[in-house]
Amino acid sequence: MTEAQFIPKTYSNVKESGSVAWQAPSNIALVKYWGKHGVQLPKNASVSFTLSHCCTKTKISFQKKNTPGFDFEVLLDGKREVGFEPKVLKFFERIEPYLPFLRQYRFTIETSNSFPHSSGIASSASGLSALALCLVDMERMMEGVDMTEAFFSKKASFLARLGSGSAARSIEGPLVLWGSHPGFEGSSDLFGIPYSFPVHDIFKNYRDTILLVDKGEKQVSSTIGHELMHEHPYANNRFEEANNNLNRLRTILEKGDLENFIRLIESEALQLHAMMMTSLPYYILMKPNTLQIIQRIWEFRKSTGSNLCFTLDAGANVHVLYPESEQEAVRAFIEADLVKFCKHGEYIHDKAGNGAKKLV
Ligand code: DP6
């Protein structure tokens with residue numbers, strides 16, 4: 001598919017006013033997206049688990065207007081949040097060619113996250129995918145012809161990507177692939193697709209406990225981190241390695257090979273952070289407690305044979321991944337040995353989930 005296929009033709013059922021609401025999940029990448037080009041196109045393919053509990057709920061109310069320009073306000077937990085408005089404005093400007101009605105309405109965007117705003121969990125993936133879903137749903141109401149479910153999800157992912165790359169993977173589940181890769185038919189740089197290749201039962205309902213190590217603002221945003229990959233001495237090797245890891249992961253997921261899953265997932269997390277540490281300027285987002293947790297995970301795995309492993313996103317928090325069958329033992333270990341490294345002892349138990357839901 002090309003970008004042009006997301007430009008609508010005419011609307012035969014234009015609405016004066018209305019509202020629509022969606023819940024969209026967060027996701028955690030197994031093979032990471034780090035480095036982009038053009039307009040939000042990834043330098044390598046990535047794959048993620050869609051989460052269940054970490055999500056954003058967004059309702060948009062729209063009213064036709066005659067004034068020019070974009071007109072919207074954003075409410076977070078019922079209160080006006082002007083801090084979000086520049087990001088939404090940029091998003092509207094980017095997606096306008098694909099949703100040409102945007103300037104014709106006044107929007108009230110009411111949003112809330114299942115996780116605290118200050119938790120250090122990025123809300124951009126779930127936030128932008130929830131907003132994209134609402135807007136494509138609004139378009140669906142106005143189109144005279146039926147939009148297929150497959151096209152609906154693709155367009156939502158396509159638009160979400162224009163807001164934040166990883167948001168492209170926050171529409172469906174439980175595993176989503178984003179980025180064109182020769183080994184994966186149907187994969188595209190433009191949108192995420194559900195991972196439709198064989199997956200062993202051990203990876204069903206996979207658990208993710210997110211340990212909240214640091215809840216502050218990151219010193220270096222992801223946007224800047226991606227930019228630093230342009231002049232990065234190891235960038236091309238990294239992009240190649242990520243694509244190779246996807247090939248490896250495909251076999252691992254099919255066979256249920258936990259030993260190699262652990263190696264690949266932890267290596268991906270550390271490669272991501274190695275890119276940060278070898279950027280110019282270089283920086284470190286891990287905190288001493290991030291390393292304490294990693295060390296404890298390695299010791300626990302060695303002494304018990306458990307299959308837990310860690311991954312990281314662009315921050316200090318640690319995602320602990322483990323099979324459903326090991327939930328009891330791993331959670332007991334987290335309580336006993338890891339919670340003390342979390343800020344205010346906070347963590348979130350989550351698991352792989354099936355994607356966004358329409359709210360009534
Ligand atoms: C480290 O999707 O936040 O979480 O496209 O600039 O919004 P933008 O970046 P973003 O990048 C996050 C990347 C990551 C890894 C991943 O989710 O694949």
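None of the figures in this text is laboratory data; all of them are computed from the coordinates on show. Every value quoted in this text rests on a predicted model; they were computed, and no experiment measured them. Note: ideal-geometry Cβ built from the backbone for every residue, glycine included; neighbour counts use all protein chains shown.
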Review point. Could you give the nm distance between label points at residue 5 and residue 302, where each point is 7 Å from its Cα heading toward the beta carbon?
Key: 5.1 nm
Point to revise | Residue-averaged [θ]222 nm for the chain, counting only DSSP H segments that reach four residues, each worth -39500 (n - 2.57) | key: -10500 deg cm²/dmol
Review point. How high is the relative contact order of the chain, in percent, counting Cα pairs under 8 Å that sit 6 or more residues apart?
Key: 24 percent
Exercise for review: Using the Kirkwood radius over Cα pairs, work out the Stokes-Einstein diffusion coefficient for segment 1-79 at 25 °C and 0.890 mPa s, in µm²/s as a whole number.
Suggested key: 145 µm²/s
Practice item. Multiply the residue separation of residue 96 and residue 39 by 0.36 nm, subtract the distance between their alpha-carbon atoms, and state the gained length in nm to one decimal. Key: 19.1 nm
Point to revise | ³J(HN,Hα), Karplus 6.51/-1.76/1.60, whole Hz, each residue of segment 246-262, x for Gly, Pro | key: 5, 4, 5, 4, 4, 5, 4, 5, 5, 7, x, 7, 5, 4, 6, 4, 4
**Study point:** Efficiency of FRET between residue 63 and residue 148 - r from beta-carbon atoms, R0 41 angstrom, step 0.05
**Key:** 0.90
Review point. Any idea what the relative contact order of segment 3-197 is, in percent, if you count C-alpha pairs under 8 Å spaced at least 6 apart?
Key: 28 percent
Exercise for review: Please work out the C-alpha center-to-center distance from segment 165-186 to segment 30-87 and express it in whole Å.
Suggested key: 17 Å
Check your understanding: How big is D, in µm² s⁻¹, for the chain by Stokes-Einstein at 37 °C and 0.692 mPa s if Rh is the Kirkwood radius over C-alpha pairs?
Key -> 157 µm²/s
Point to revise | Ranked list, fewest to most other Cβ atoms within 10 Å of each Cβ, for 215, 79, 87, 155 | key: 79, 87, 215, 155
Study note, to complete from the structure: Applied in sequence order to segment 158-166, the curve 6.51 cos²θ - 1.76 cosθ + 1.60 (Karplus, θ = phi - 60°) yields integer Hz couplings, x standing for Gly and Pro, of 4, 6, 4, 4, 5, x, 7, x, 5
Check your understanding: Sorted from largest down, what three extents in whole angstroms do the Cα atoms of segment 3-197 have along their principal axes?
Key -> 49, 40, 27
Point to revise | Cross-link table 154/358; 65/90; 36/215; 204/287; 32/302; 155/357, entries beyond 23 Å C-alpha to C-alpha | key: 36/215; 204/287; 32/302
Point to revise | Between segment 308-360 and segment 242-269, the alpha-carbon center distance in angstrom | key: 19 Å
